[in-house]
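Colleague: This is the structure I want to talk about, given as structure tokens.
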Amino acid sequence: MKEHTMAAGEPILECRHLRKEFGGLVAVNDVSLRVERGRVHSIIGPNGAGKTTLMNLISGIYKPTRGEVFFKGQPITAVPLHRRAHMGIGRSFQITNIFPNLTVLENVRLAVQARSAANFNVLRRAYSYGDFITEAMRAIQEVGLTPVASMLASALPHGGKRKLELAILLAGAPELLILDEPTAGVASEQVREMIGNIGQIRGQADRTIIIVEHNMNLVMNVSDYITVMHLGSVLAEGTPSEIAANKAVQSAYLGELYSDVMDKAAGGDHA
Amino acid sequence: MHIQKGFQWRAVGKNWLLIAAFILLIVFPFLVGVLTNTDPTARRGLSVYWQGIMIELLIYGILTMSYNILFGFTGVISFGHALFFGLAGYLMGAFQRAPELADGGLLIGILVALVVCAGIGLLIGVATLRLKGVYFAIFTLAIAEMVYIFLSRYEYTGSEDGFTLAALPEWFDPTRSRLTFYYIAAAIFVFTFILIRRLMESPTGAVLLAIRENENRARTIGFNTLTYKLMAIVLAGILAGVAGILFTLLNKKVGPEMLGTAYTVNPLLMTIIGGAGTLLGPAVGAMGLRLLELQLRNVQIPLGDVVLDIGRILPIILGAIFILVVIVFPYGIVGTFTRWRLNQRARHAERLAKQAEALKSVS
Ligand SMILES: Nc1ncnc2c1ncn2[C@@H]1O[C@H](COP(=O)(O)OP(=O)(O)OP(=O)(O)O)[C@@H](O)[C@H]1O
Ligand SMILES: [Mg+2]
């Protein structure tokens, strides 16, 4: 594995020798990862490379078979999922994961409420917390769902559900945002909008983003740093131009399909 | 502006219905008295008969509302709800008829029954709520059946016959003071409804709904869902216990059938028919279905030479009604209506927002 070329400083997230087995299958194999604060760090790799599994280990949905996860210098390997959310790790899902029979507003409002001290207050009405609604509406506006805020989430078209997924994540105000294929299944004309959303999210203070993506255009556009996974292991790491120029990556994963994008990215290092 | 106004009108409309139901509940005994020309305070007669029916409906309503907390609002399917209903009856009865406790036994019995219901809910919850879906349901069924078998075999609890209560104080006796007992049951029914409504409007209730909709997502945004599910099962257990206590007092006896699957399956079906996850649905479903059952039980239709005994084919009729309701009202009677209204409102809001945007782009 190659040494870090990025500016030193304490990483917001560090994975050490993570391994996850499902029965006999090794989905994540000895993965070590440093994610620097304030960066957009992309994880790419072919289907089944173990990207989602790695995100599940970081957010706490799975416990690793071996290895450790550190968040802001603290070991969190044994910290349960909901507590990691309170520590500042938020995530969105590759397969849309919302509250279908609640309104769009309620979906997002719940994420605001989750980080408050109001959860066990049975004496007040949930909707009497005006600031929760204001905050939720702000997140809804950020992704452009304001006109449909009072609609049931299940009634949204697929693209709308993907945006709602983002709004729920934003409403949790996490320090570390994990986006698992935010453009999965989104029509190509909407992908640009999504890129805009992510650019906007990125522009906001002190946010670190881990993004798993297959869309190379998006990856090359928004990333500060890229980790390439293959068969459960890290194949390569580097800046977008370094990755674009990496022959091993090209042959193992990117192939001819993305050569245009890669060449362009290799030409002008924007990071 | 328009949206705001719509909201408030809806709140008024909704409460108007509830207020009407509340008033009906209060005047019911006297209404029946006038309609049947009988004395509501007498010990016999049609007034007393209808009060008795209504008390039973209210008890079914409370039991079904308690089941709805788990099934309808939290999305937890329990097959052991009768455990709380029956056990509370047995415990209350055991203390009530203990001679050394005299009249104090009733109060002690009620308290013990409710505390045990809460405790058992907590125990079952801690032991099994981590199990997913059907495993939890089967575990609760197994526990309820175990207690059922124990109570129906154990001599001290009266084996298969159960036991009757000792004499109740006159003012509290559902036979001698039925009108008083009616108002006690009605008050507890109203209290249960308001309690559940307040809970579901609170932030805690919002989390229960989130768990029903998508527990994993609820955990991912930071809710310790196990804690909330425990709260739900404890509250549901206590309220089912309340229903069991009232039922035992009304019948002045307990028997193992109170722990039978009927008292789990009926609330389940009644919740579905009325509308799982709605506030009014379970009460509507329970009271409507039970009333139908009671009324059809003794109906006989002469068809030429043969007499069709509706009571004997009642399960078939109720089954057919169930299938029909599920087809016509996929979200239950109240649920389907509420959903339709919610969609209507969302479309209205969307239209307004679009108009506003159009106006903005014009000016
Ligand atoms: N819960 C699970 N149980 C068993 N096997 C699993 C589980 N989750 C993932 N896997 C397996 O682990 C491997 C890695 O899956 P993962 O979803 O992490 O890949 P991925 O890189 O996210 O792929 P994609 O690009 O298709 O989303 C796959 O072979 C997958 O089948
Ligand atoms: Mg994946």
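Colleague: Every residue in the range A:38-68 that is within 16 Å of ligand 1 (Cβ to nearest atom), touching a helix residue (DSSP H, G or I) at 6+ places or on another chain (Cβ under 9 Å), away from chain B (no Cβ under 14 Å) and of a type in the set (A, V, I, L, M), please.
Modeller: Within the range A:38-68, A:Ile43, A:Ile44, A:Ala49 qualify.
Colleague: Checking the condition in contact with a His (Cβ under 7 Å, 6 or more places away or on another chain), buried (at least 18 other Cβ atoms within 10 Å of the Cβ) and more than 14 Å from chain A (Cβ to nearest Cβ), which residue from B:Ala186, B:Ala240 passes? Spell out the reasoning first.
Modeller: Details: B:Ala186 fails: in contact with a His (Cβ under 7 Å, 6 or more places away or on another chain).
Result of the check over B:Ala186, B:Ala240: B:Ala240.
Colleague: Any idea how many residues of the range A:117-162 are open to solvent by 30 Å² or more (accessible area, probe 1.4 Å) and under 25 Å from the mean Cα position of the chain (by Cα)?
Modeller: Result for the range A:117-162: 14.
Colleague: Right, here's the next one. Just checking, which of B:Pro282, B:Pro330 is open to solvent by less than 90 Å² (accessible area, probe 1.4 Å) and touching a residue at least 12 places away in the same chain (Cβ under 8 Å)?
Modeller: Result: B:Pro282 is the single residue among B:Pro282, B:Pro330 that is open to solvent by less than 90 Å² (accessible area, probe 1.4 Å) and touching a residue at least 12 places away in the same chain (Cβ under 8 Å).
Colleague: Scan the range A:147-182 residue by residue and report those that are in contact (Cβ under 8 Å) with a residue 12 or more places away in the chain and within 9 Å of chain B (Cβ to nearest Cβ).
Modeller: A:Val148, A:Ala149, A:Ser150, A:Met151, A:Leu152, A:Ala153, A:Ile168, A:Leu169, A:Ala171, A:Gly172
Colleague: From the list B:Ile317, B:Ile301, B:Ile327, exactly one residue is over 30 Å from A:Glu106 (Cβ atoms), assigned to a helix (DSSP H, G or I) and of a type outside the set (Ser, Thr, Tyr). Which is it?
Modeller: So the residue among B:Ile317, B:Ile301, B:Ile327 that is over 30 Å from A:Glu106 (Cβ atoms), assigned to a helix (DSSP H, G or I) and of a type outside the set (Ser, Thr, Tyr) is B:Ile317.
Colleague: Inside the range A:37-53, can you point out the residues that are under 23 Å from A:Met87 (Cα atoms) and either near ligand 2 (Cβ under 9 Å from one of its atoms) or assigned to a strand (DSSP E or B) (or both)?
Modeller: If the condition is that a residue be under 23 Å from A:Met87 (Cα atoms) and either near ligand 2 (Cβ under 9 Å from one of its atoms) or assigned to a strand (DSSP E or B) (or both), then A:Val40, A:His41, A:Ser42, A:Ile43, A:Lys51, A:Thr52, A:Thr53 are the ones that fit.
Colleague: Across the range A:71-88, which residue is nearest to the other protein chains (Cβ to nearest Cβ) among those that are open to solvent by 20 Å² or more (accessible area, probe 1.4 Å) and among the charged types (D, E, K, R)?
Modeller: Among residues in the range A:71-88 that are open to solvent by 20 Å² or more (accessible area, probe 1.4 Å) and among the charged types (D, E, K, R), the one nearest to the other protein chains (Cβ to nearest Cβ) is A:Arg83.
Colleague: Additional query: Tell me, which residue of the range A:140-197 that is charged (D, E, K, R) and closer than 20 Å to A:Arg109 by Cα is farthest from ligand 1 (Cβ to nearest atom)?
Modeller: A:Glu142
Colleague: With the requirement that a residue be at the interface with another protein chain (Cβ under 10 Å from one of its Cβ atoms), more than 15 Å from ligand 1 (Cβ to nearest atom) and of a type outside the set (Ser, Thr, Tyr), what does the range A:89-107 give you?
Modeller: Residues satisfying the conditions are A:Ile89, A:Gly90, A:Ile98, A:Phe99, A:Pro100, A:Asn101, A:Leu102, A:Val104, A:Glu106, A:Asn107.
Colleague: Further, regarding this structure: Would you confirm, using the coordinates I've provided, whether A:Ile95 is within 13 Å of the chain's Cα centre (by Cα), hydrophobic (A, V, I, L, M, F, W, C), within 30 Å of A:Val35 (Cβ to Cβ) and surrounded by fewer than 18 Cβ atoms within 10 Å (Cβ to Cβ)?
Modeller: yes
The values are calculated or read from the model by the stated rules, or taken from the named source; none is laboratory data. Predicted model only: the values in this text are computed from it and were never measured. Cβ sites come from the backbone with ideal geometry, for glycine too, and all protein chains shown count toward neighbours. Only protein heavy atoms, including side chains, enter the accessible area calculation; ligands, DNA and RNA are left aside. Shrake-Rupley method; radii C 1.70, N 1.55, O 1.52, S 1.80 Å.
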